Amino acid sequence: MKRKNHNNRQVELPNFCHLGVNLRIALTVEAALVAGVVARASSAQAFWAEFIELSALAQPALLLSLLALCAAGRWLRSLPYRLGVGFTLALGVAVPVLVTQWLKPLLAETTVFPLIWVALFALLIGGGLLAYFNLRARALSPAITEARLQALQARIRPHFLFNSLNAVLSLVRSDPRRAEHALENMADLFRALMSNASQLDRLEDEVALTRAYLELEQLRLGDRLQVTWHITKMPADALIPPLVIQPLVENAVYHGIEPQPEGGEISLNIYLSADKVHIVVRNPIATDTSHHKGNRIALANIRERLLLHFDLDAQLKLEPLGAVYQVHIVIPYTRERTQPAPAPSHRR
């Protein structure tokens with residue numbers, strides 16, 4: 001269970017297994033140690049001597065604390081927010097205290113600190129870090145960002161809507177079953193566009209949505225649009241932010257297929273490697289330089305949402321490869337849903 005903030009966003013504990021979270025914790029602890037030693041040291045030589053001795057105690061305690069938080073992370077995030085904070089602080093205090101007690105016989109007497117001081121230091125650092133992560137989550141997804149995201153979701157280009165409707169109308173009499181299927185695809189697409197984009201969706205659902213979009217575009221483009229799927233190694237149960245693949249494919253159609261009279265091929269390769277989910281979208285680079293290049297709002301929005309959900313563990317790379325343009329997304333393989341599950345589809 002999570003707590004809602006003033007923007008109706010759910011607040012939860014950070015994922016302590018993420019590289020970005022661990023890096024911020026480590027840097028904060030080191031900065032606090034440096035500040036404490038600077039306040040006490042009378043000279044540069046004394047600073048380095050005391051800092052090295054203190055690090056010999058702090059580094060094992062920090063490493064074991066991060067390992068313990070990562071191991072207990074899923075359980076902590078499943079608790080109500082305030083209870084999770086309490087257990088996180090308790091764990092963050094208990095580990096350094098136990099490490100200090102364990103290492104005490106190995107350290108010089110001048111390096112050993114009273115256990116109450118160690119506990120107080122860990123509590124202050126832990127409380128400050130949890131407050132920081134809370135504020136950071138709010139800052140990355142305030143109401144203004146929600147408004148931008150909703151505007152992006154509702155921005156399907158008018159020509160796509162009108163052309164899709166015209167294509168459906170042309171099929172009503174000649175191929176009513178295909179027309180019905182196209183209308184179902186449109187319903188699924190618009191339902192996804194208007195849904196809550198703060199939730200994580202199953203990768204197989206995102207792929208199904210992308211297929212629905214491409215089927216609609218093929219009604220209009222016909223043989224000019226060729227699509228190749230490489231998804232035999234796709235982890236169907238992986239969770240990703242919604243509307244990640246479909247906007248990439250929409251950009252590929254608009255910038256890579258439409259400007260070329262002969263059309264071209266869009267390739268999608270989704271696979272799991274080293275506990276990372278890779279999503280690779282390739283499309284031909286248009287030779288028509290007069291075609292609108294776009295303002296990359298969709299790419300910026302995707303990058304922002306990847307940062308919000310996965311921090312530094314996610315990557316988005318844009319690479320022109322000769323006559324092909326490639327977008328490569330790498331995210332951690334996770335099956336832990338950090339937001340409530342979306343409502344099931346009513347499609348027949």
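The numbers here are math on the coordinates, done by the rules we state, and not lab data. Every value quoted in this text rests on a predicted model; they were computed, and no experiment measured them. FYI the Cβ positions are ideal-geometry reconstructions off the backbone, even for glycines, and counts take in every protein chain you see.
Numbers at a glance
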quantity	calculated
Spacing of the two label points (7 Å from each Cα toward its C-beta) at A41 and W229, in nm	6.0 nm
Diffusion constant of the range 3-140 at 4 °C, which comes from Stokes-Einstein with the Kirkwood Cα-pair radius and 1.567 mPa s, µm²/s	81 µm²/s
Eligible aspartates and glutamates near K276 by straight Cα distance, threshold 12 Å, same-chain separation 8 or greater	D313
Hz values of 3J(HN,Hα) by residue in the range 254-259 - Karplus curve (6.51, -1.76, 1.60), Gly and Pro given as x	5, 9, x, 9, 4, x
